[in-house]
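Take a look at the structure set out below.
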Amino acid sequence: MTTFYRLQCLEFEEELEDHIECLKTYATNADEVCQHKCTTKSDKMEKKDETQKSLCKSVECSTYCYYREFSKTCPEAKDLLMVSMEQFP
């Protein structure tokens, strides 16, 4: 699973127990979809602040993308995923 969701697994370990098998099953697919949608290509000539903005947009995109993907494939976990997202703004 992704680093972001690994952190959530630690924080919400007990709450995720009932959903972890579903999330593990679909994690690879979510990774592929979200990496394709949210990965930004950096330009070597890009200024540092522009690079930082691009990275922040990528993280934001990934956060929402993983939530959408996991919510579609593991709908029973949707509410818990929302709560866990709110803990890591």
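The values are calculated or read from the model by the stated rules, or taken from the named source; none is laboratory data. Being a predicted model, the structure only gives us computed values, none of them experimental. Note that we place each Cβ from the backbone using ideal geometry, even for glycine, and neighbour counts take in every protein chain shown.
Of all the numbered requirements in (1) closer than 17 Å to Ile20 by Cβ; (2) at pLDDT 85 or above; (3) loosely packed, with under 15 Cβ neighbours inside 10 Å, Val83 misses one, and that requirement is (2).
Name the single residue that is modelled with the lowest pLDDT among those in segment 35-73 being part of a loop (DSSP other than H, G, I, E, B) and of a type in the set (Val, Ile, Thr). If you could, list the steps in order and put the result at the bottom.
Going residue by residue through segment 35-73, those that are part of a loop (DSSP other than H, G, I, E, B) are 39-47.
When the remaining residues are screened for being of a type in the set (Val, Ile, Thr), the result is 39-40.
On the way: Thr39: 83, Thr40: 73.
Result: Thr40.
Among the residues of segment 4-20, those that are surrounded by 11 or more Cβ atoms within 10 Å (Cβ to Cβ) and either in contact with a strand residue (DSSP E or B) (Cβ under 9 Å, 6 or more places away or on another chain) or modelled with pLDDT of 70 or more (or both) comprise Phe12, Glu15, Leu16, Asp18, His19, Ile20.
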